[in-house]
1. Sum up the charges of everything whose Cβ sits under 9 Å from the Cβ of Ile26, counting Lys and Arg as +1 and Asp and Glu as -1, but leave Ile26 out.
2. So what is the relative contact order of the chain, in percent, for Cα pairs below 8 Å that sit 6 or more residues apart?
3. How much net charge surrounds Gln73 when only the other residues with a Cβ under 14 Å from the Cβ of Gln73 are counted, with Lys and Arg +1 and Asp and Glu -1?
4. Mind listing the long-range amide H neighbours of Lys20? Cut-off is under 5 Å, sequence gap 5 or more, other chains count too, H placed in the peptide plane at 1.01 Å from N.
5. Can you give the helix-only mean residue ellipticity at 222 nm for the chain, where every DSSP H stretch with n ≥ 4 adds -39500 (n - 2.57) and the sum goes over all residues, rounded to the nearest 500 deg cm²/dmol?
6. Beyond a 20 Å Cα-Cα separation, which of these cross-linked pairs lie in this structure: Lys9/Lys56; Lys15/Lys78; Lys4/Lys56; Lys34/Lys92?
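Bear in mind that the values in this text are calculations on the coordinates, not laboratory data. Remember, predicted model here, so these are calculated numbers, not experimental data. Positions of Cβ are backbone-derived with ideal geometry, glycine not excepted, and every protein chain shown enters the neighbour counts.
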Amino acid sequence: MGKKTVPFKPEGIEKLPENKPVLYRIKNAAGDDKYVGVAKRGRVQERLIEHLPGGKDHIPGSKVQIEQMPSIQDALKKEERVIARSRPPHNKQGK
């Protein structure tokens, strides 16, 4: 499935597709994962905006990478594997 990386700001987020569920990674300037999450089809941009400063679930970062997935179940399985491997500091461990 498709991957895309954009700046973690409203102008970048609005360029992301919403037609499939995604696994997203909020990264710092060095490219390290700070937070990994999933968003349902049709809610990708809305979910990422919640992580911007002033949003209800702010996560500091400089870019966001999405990977489109065939289903939300596939996205959740991959999220679990990525969190276990990279242990992003803003994810609750043991999720």
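1. +3
2. 36 percent
3. +3
4. Gly42
5. About -7000 deg cm²/dmol.
6. Checking Cα-Cα distances, Lys15/Lys78; Lys4/Lys56 exceed 20 Å.
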